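The values are calculated or read from the model by the stated rules, or taken from the named source; none is laboratory data. All values derive from a computational prediction rather than experimental measurement. Here the Cβ positions follow ideal geometry from the backbone for every residue, glycine too, while neighbour counts run over all protein chains shown. For accessibility, only protein heavy atoms count, side chains too; no ligands or nucleic acids. Shrake-Rupley method; radii C 1.70, N 1.55, O 1.52, S 1.80 Å.
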Amino acid sequence: TPAVPAVLLSSLLLTFTLPADASPKQSGKQARKATTQGAKLRKVAANPDEAGEFANFTQWNEVAAFIDLMAEKHGFDRKELEATFKRVRYIDTAIQLVKPAPPGKPKNWHAYRARFIEPVRVNAGVAFWDEYRDALARAEERYGVPAEIIVGIIGVETVYGRNTGNFRVLDALTTLAFDYPPTPNRASRMAFFRGEIENTLLLARDAGIDPFSLFGSYAGAVGWPQFMPGSIRKFAVDFDGDGKVDLRNSPVDAIGSVASFLVQHGWKAGEPVVFPATLGAGEPGRSWEMFIGQGLEAKFRLDELKAAGVVPAVDTPADRMYGLVDLQNGGEPTDYWLGANNFFAITQYNRSFFYAMSVIELGRTVKSARAGVR
């Protein structure tokens, strides 16, 4: 497992995004110019007095306790932290976006897939791969993660840097950490986001930057690959060799960091990812159902899956472990796949079968498009 460098985002000052009308086919120079212009526009729009609501978080008992914890555990100055949290805004949009979907709405893989496997994203992926082919090849050689998987993740996450998020990270994280909506997992989610506030403050202190200069998604994810602050501190790498980790402005750092993340979450070089499957003859009844919902892990032998009626649609190595991946299609038949170890490594980036398959299929589609196989 590659070591995580100690240097952290020392020049991370703004979220740089392409304007909505930027063409994915523009040259690298044009894209960088548009990116800089987009950052300048948002720097004006991101006035803390114009985004979110004043909440005076310092009067919340749990926030006061968190400030005490940060002072005792990490040596932060209490008065400085109080001043920081007085500036934090409440982001109701974040609360609305984390709420679960209404019950009864069926999942639909084909509809989900169509959001990501579409011309704008594919063309942007081809341009990204062409421009950063050397970095992608170097990441594949060093970490054993194929370029198409890295391209797939960055494309799904941000359309290759176009949509990196407009929320102040500290605002979003504090809102979710202390006022997460009522859900069965509310306590664990609040604990998670409090940990991410801790990581944000440590990240900013180590890098010597203002924590309010960090922008990201409504859940606090940062940069081209949408790393949470804790993941930046643990898994991000300086892949362009400039002495700092910068997931906001360096696509090369993003490439290396995605590969680093996957390796440290179980990716094995040279191993398969996923194989199509159907449900056919086997033991009586629906014995294959025992393999549904068994977590994000490849832990079943191919012979026991076959015995339950799971039929690989292509030649599938018998010496690997698998999990049964069910991609529901609303009222239409479910798609089934056999996920190997590397499939479940992708789910550690986002704990969703739909997400992992969209990454795989976008990467494959971009690879084919580059080869002229559209």
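Spin-label model, Asn329 to His110: label points 7 Å out along the Cα-to-beta-carbon direction sit 0.5 nm apart. Would you tally the net charge around Gly241, using a Cβ to Cβ cut-off of less than 14 Å, leaving Gly241 out, and scoring K and R as +1, D and E as -1? Value of the local net charge: -3. Across the options Gly270, Ala369, Ala318, the greatest Cα extent toward the positive end of the charge dipole of segment 222-374 (unit charges at beta carbon of Lys, Arg, Asp, Glu) belongs to Ala369.
Among 118-128, 87-97, sorting by the average number of other beta carbon atoms lying within 10 angstrom of each residue, highest first, gives 118-128, 87-97.
Kindly state, to the nearest 0.05, the FRET efficiency for Phe54 paired with Met321, given R0 = 41 Å and r defined as their beta-carbon distance. The calculated FRET efficiency here is 0.20.
Once the chain from Ala83 to Arg351 is taken as fully extended at 0.36 nm per residue, the excess over their C-alpha distance is 92.9 nm.
Net charge of the neighbourhood of Ser250, taken over other residues with C-beta under 9 Å away and scored Lys/Arg +1, Asp/Glu -1, is -3.
Could you give me D for segment 230-352, from Stokes-Einstein at 10 °C and 1.306 mPa s, where the hydrodynamic radius is the Kirkwood radius over C-alpha pairs? Units µm² s⁻¹, please. Diffusion coefficient, whole number: 98 µm²/s.
Among the GluC sites (Glu not before Pro) within segment 49-98, those in coil by DSSP and having at most 13 neighbouring Cβ atoms inside 10 Å are Glu50. Peptides 210-219, 308-317 ranked from most to least packed by the mean count of surrounding Cβ atoms within 10 Å: 210-219, 308-317.
Using the 1.4 Å probe convention, the accessible area of segment 208-249 works out to 27 Å² per residue with neighbouring protein chains retained. Here the Karplus curve 6.51 cos²θ - 1.76 cosθ + 1.60, taken at θ = phi - 60°, turns the phi angles of segment 172-184 into couplings of 4, 5, 5, 4, 6, 6, 10, 8, 4, x, x, 8, x Hz, with x standing for Gly and Pro. Divided by 2.2 N^0.38 Å, where N counts the residues, the Cα radius of gyration of segment 218-283 comes to 1.56.
Each Lys or Arg adds one and each Asp or Glu takes one away; over the other residues whose Cβ falls under 10 Å from the Cβ of Leu327, this sums to 0. Of the GluC sites (Glu not before Pro) found in segment 295-374, those in coil by DSSP whose Cβ has at most 15 other Cβ atoms within 10 Å are Glu297.
With R₀ set to 45 Å, the beta-carbon distance separating Ser287 from Asp92 gives a calculated FRET efficiency near 0.45. Which whole-angstrom value gives the distance between the alpha carbon centres of segment 294-324 and segment 198-249? Here the two parts' Cα centres lie 38 Å apart. Round to the nearest 0.05 the FRET efficiency obtained for Glu304 and Thr278 when R0 = 22 Å and r is the Cβ-Cβ distance. Once rounded, the FRET efficiency stands at 0.85. For segment 219-374, the fraction of 1.4 Å probe accessible surface lying on carbon and sulfur atoms is 48 percent.
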